[in-house]
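Engineer: Could you have a look at this structure, given as structure tokens, before my questions?
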Amino acid sequence: MNQSAAIPAAPAVATRRIRFSFAKMMVFAVLGVLIVTQLYPLLWLLLYSFKTNEEILSGNFFALPSQWQWSNYSAAIESGNYWKYLSNSLLVTSVTMVGVILLASLTAFAISRFRWKYGQLVLLIFLLGMMIPLQGTLLPLMIMFSNVDILNTHLSLILPYIAFQTPIAVFILSGFMKSIPHEIEESAIMDGAGVFRIFRSIMLPVSVPPIMTVCILTFINIWNEYILAATFISSERLKTLPFGVNSFVSQYSVNYGAIGAFLVLGALPVIVAYFLLAEKITKGMVAGAVKG
């Protein structure tokens, strides 16, 4: 037997290596461009927060500060009422996340694990909710909340936040729960477990990755939301973090450096949460895309 025929020719191997290296270089180039485009605004904002008004208005965005203005951060915390706005944002966001997880997980459990006539219709209704623009609901919600006397309360933010974040949460959780084998439930039923016991003791622990994804997506969307908060909240003590920027804008002057510092402080919780949960978020998004 001629063994040389089974060995690929050297030029063919070299050609495959060149193609593989070129493909890898293209992937790294695209990833590098994405990293730069994502990190550049954060780096620019960080430099912005340490500059004086004169340096900012000079238009030289790439220059380092001539003298690092740490006073911008003290002004952001003190004059911007940072801690008060932060506590309000944490309260609203935390309650919203709990409400979204509870409502979405129960709905996804009913849609994906039960056989009932209107299951797919309910899922379609929730998916249609993803297409409703936030701005189109401002006037109806304001009239509704005024009639029930909950305007200018945190409840007027929490309720619409839950409503707008639940559809995507149902989509992610139902996709994951459909992939869970039904034999797990059958074994639990044989052991005498009821529906809520199966949901609490089996479905929720197994669904931790997509639940973490829903949590971080809800956190990011609610943390930066301004339109509803500006419309429904007028009391200074109830305002959320995005309102702090207005503290540095007066009739005759604007403290741009303090605004930059306030934005950096406002973005820190989101950045920290994402880095701590990045792996779980990725796993949850992949798991939620599985169709059983």
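Engineer: Which ones in the range 220-238 are surrounded by fewer than 21 Cβ atoms within 10 Å (Cβ to Cβ) and hydrophobic (A, V, I, L, M, F, W, C)? Give the derivation first.
Structural biologist: Going through the range 220-238, the residues surrounded by fewer than 21 Cβ atoms within 10 Å (Cβ to Cβ) turn out to be 220-221, 223-224, 226-227, 230-231, 234-238.
Listed by number, the residues that qualify are Ile220, Trp223, Ile227, Ala230, Leu238.
Engineer: Kindly evaluate Phe145 against the criterion of being out of contact with any Cys (no Cβ under 8 Å at 6 or more places or on another chain), farther than 19 Å from Asn224 by Cβ and loosely packed, with under 12 Cβ neighbours inside 10 Å. Full working, then the answer.
Structural biologist: Working: out of contact with any Cys (no Cβ under 8 Å at 6 or more places or on another chain): yes; farther than 19 Å from Asn224 by Cβ: yes; loosely packed, with under 12 Cβ neighbours inside 10 Å: no.
Against the criterion (out of contact with any Cys (no Cβ under 8 Å at 6 or more places or on another chain), farther than 19 Å from Asn224 by Cβ and loosely packed, with under 12 Cβ neighbours inside 10 Å), Phe145 does not qualify.
Engineer: Among Leu241, Leu217, which is the only one that is within 22 Å of Ile168 (Cβ to Cβ) and either buried (at least 19 other Cβ atoms within 10 Å of the Cβ) or in contact with a Phe, Trp or Tyr (Cβ under 7 Å, 6 or more places away or on another chain) (or both)? Give the derivation first.
Structural biologist: On the way: Leu241 fails: within 22 Å of Ile168 (Cβ to Cβ).
It is Leu217.
Engineer: Scan the range 162-184 for residues that are within 20 Å of Gln120 (Cβ to Cβ), surrounded by 13 or more Cβ atoms within 10 Å (Cβ to Cβ) and not hydroxyl-bearing (Ser, Thr, Tyr) and report the count. Don't jump to the end; show me each part of the working.
Structural biologist: Let us first name the residues in the range 162-184 that are within 20 Å of Gln120 (Cβ to Cβ), namely 166-180, 182.
Then keep just the ones that are surrounded by 13 or more Cβ atoms within 10 Å (Cβ to Cβ); that gives 166-180.
Now narrow it down to the ones that are not hydroxyl-bearing (Ser, Thr, Tyr): 167-173, 175-178, 180.
Matching residues across the range 162-184 total 12.
Engineer: Taking the options Trp70, Trp83, name whichever one is surrounded by fewer than 17 Cβ atoms within 10 Å (Cβ to Cβ), within 24 Å of Asn246 (Cβ to Cβ) and not assigned by TED's automatic domain parsing to the domain that holds Leu159. Talk me through it step by step, then tell me what you get.
Structural biologist: Values: Trp83 fails: not assigned by TED's automatic domain parsing to the domain that holds Leu159.
Going through Trp70, Trp83 in turn, just one is surrounded by fewer than 17 Cβ atoms within 10 Å (Cβ to Cβ), within 24 Å of Asn246 (Cβ to Cβ) and not assigned by TED's automatic domain parsing to the domain that holds Leu159: Trp70.
Engineer: Let me ask something else about it. Within the range 164-241, which helices (runs of 4 or more DSSP H) (wholly inside it) include 2 or more residues that are modelled with pLDDT of 85 or more? Give the steps one after another, and end with the answer.
Structural biologist: On the way: elements: 183-190, 195-198, 208-223, 227-232.
Per the criteria, 208-223, 227-232.
Engineer: Tyr40 versus (1) farther than 30 Å from Gly175 by Cβ; (2) surrounded by 11 or more Cβ atoms within 10 Å (Cβ to Cβ); (3) hydroxyl-bearing (Ser, Thr, Tyr): which is the lone unmet condition?
Structural biologist: (2)
Engineer: Answer yes or no as to whether Asp149 is on the phi > 0 side of the Ramachandran plot and among the charged types (D, E, K, R).
Structural biologist: Criteria met by Asp149.
Engineer: If you go through the range 108-155 one residue at a time, how many are more than 15 Å from Lys178 (Cα to Cα) and basic (Lys, Arg)?
Structural biologist: Total satisfying the criteria: 1.
Engineer: Under the condition of being in contact (Cβ under 8 Å) with a residue 24 or more places away in the chain and of a type in the set (S, T, N, Q), which residue from the range 217-252 is farthest from Ile162 (Cα to Cα)?
Structural biologist: Ranking the qualifying residues of the range 217-252, first place goes to Ser247.
The values are calculated or read from the model by the stated rules, or taken from the named source; none is laboratory data. Note that the structure is predicted; figures quoted are calculated from it, not measured. Because the Cβ atoms are built from the backbone with ideal geometry, glycine has one as well, and the counts that use them run over all protein chains shown.
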